[in-house]
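Encoded as structure tokens, the structure appears first; notes follow it.
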Amino acid sequence: MLNFFNQYKVTYIDSENGIIRCQNNMEVSAKVIVGADGSKSFVSSLLNEKFNYFNASQYLVEINTSSRANIIDTNAVEFVDLFAISKILPGFLWCIPTSDSSFRVGLFSNNSYKDQKEILNSFLATDERFKESSIIEKYHGKIPIFDKNKKIVKDRILLIGDAASQLKPTTGGGLVIGFDTTNLAKDAIIKSLDNDNINFLKDYEQNFKKKYAKELNYQIRVQKNS
């Protein structure tokens, strides 16, 4: 049944009555609707204005391991390297080892994808680790910028993760926050269902802001001054 529904795009949501309509005009009813549909969230667009984004680009890079042995101990503990580059501030570039012979090299910034490509290519050309390397895959996407005014609860709808712009403004990271806010949402949903009262969904928004609003707003100020 789940695979069947995955084939159809959601085109309409009645947040008050919990009605979801798909592109084949099939309707589904739900007591609670969770918008966890990422940075281009359709569900969020029903509650909010458009997102503000950073652009993000990343390469999966494979290196020549014999060449690498001359510049780094392959038995050493691997670390994530972060690089502050003036032209991409307030973003940064990262270099993450995924095996003895591969790295994820990427960045996020306000630059266009074309400019980001040039920056990544320049980095690979000048970093000794990638003197003999090849690009296996290329990715690009968008990272939502946290918005303290974004609604994350309305009627039977609540938003989680990228759909709620629940990411750290200074790093674009959202994994740790995502796990925690999922638990906050779960508690509110269970309480709502147990009491047959959707007003308890508002606990999720209140608890999220109580726990994270101060920290994330501070990071926004740091980012703007970068």
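When each of Glu118, Glu137 is tested for being at pLDDT 95 or above, assigned to a strand (DSSP E or B) and either open to solvent by 60 Å² or more (accessible area, probe 1.4 Å) or within 30 Å of Ser192 (Cβ to Cβ) (or both), the lone residue that passes is Glu137.
Within segment 54-79, can you find the residues that are farther than 19 Å from Gly141 by Cβ and either modelled with pLDDT of 60 or more or open to solvent by less than 50 Å² (accessible area, probe 1.4 Å) (or both)? Explain how you work it out, then say what you get.
Initially, segment 54-79 is screened for residues farther than 19 Å from Gly141 by Cβ, giving 62-79.
Scanning segment 54-79 gives Glu62, Ile63, Asn64, Thr65, Ser66, Ser67, Arg68, Ala76, Glu78, Phe79.
Could you grab me the full set of residues in segment 181-226 that are of a type in the set (D, E, K, R), at pLDDT 95 or above, open to solvent by 50 Å² or more (accessible area, probe 1.4 Å) and part of a helix (DSSP H, G or I)? If the condition is that a residue be of a type in the set (D, E, K, R), at pLDDT 95 or above, open to solvent by 50 Å² or more (accessible area, probe 1.4 Å) and part of a helix (DSSP H, G or I), then Lys186, Asp187, Lys191, Asp194, Lys202 are the ones that fit.
Identify all residues within segment 15-53 that are more than 28 Å from Asn111 (Cβ to Cβ) and buried (at least 16 other Cβ atoms within 10 Å of the Cβ); write none if there are none. Don't jump to the end; show me each part of the working.
If we filter segment 15-53 for residues that are more than 28 Å from Asn111 (Cβ to Cβ), which is where we start, we get 15-36, 43, 46-47.
Hits for segment 15-53 are Ser15, Gly18, Ile20, Val32, Ile33, Val34, Gly35, Ala36, Val43, Leu46, Leu47.
Residue count for segment 140-152 satisfying the condition of being polar (S, T, N, Q) and open to solvent by less than 50 Å² (accessible area, probe 1.4 Å): 0.
For residues that are among the β-branched types (Val, Ile, Thr) and modelled with pLDDT of 95 or more, scanning just segment 140-159, find the one that is nearest to Ile220 (Cα to Cα). Step through it out loud before you land on a result.
Going residue by residue through segment 140-159, those that are among the β-branched types (Val, Ile, Thr) are 143, 145, 152-153, 157.
Narrowing the set further to residues that are modelled with pLDDT of 95 or more leaves 152-153, 157.
On the way: Ile152: 19, Val153: 22, Ile157: 26 Å.
Filtering first and then ranking leaves Ile152.
Can you work out which of the residues in segment 171-180 that are open to solvent by less than 90 Å² (accessible area, probe 1.4 Å) and of a type outside the set (Ser, Thr, Tyr) is modelled with the highest pLDDT? If we take residues in segment 171-180 being open to solvent by less than 90 Å² (accessible area, probe 1.4 Å) and of a type outside the set (Ser, Thr, Tyr), then Asp180 is modelled with the highest pLDDT.
The values are calculated or read from the model by the stated rules, or taken from the named source; none is laboratory data. This one's a predicted model, so the numbers in the text were calculated from it and none came from an experiment. Reconstructed Cβ throughout: ideal geometry from the backbone, glycine too, with neighbour counts over all protein chains shown. To get the accessible areas, we keep the full protein, side chains included, count just its heavy atoms, and leave off ligands, DNA and RNA. Shrake-Rupley method; radii C 1.70, N 1.55, O 1.52, S 1.80 Å.
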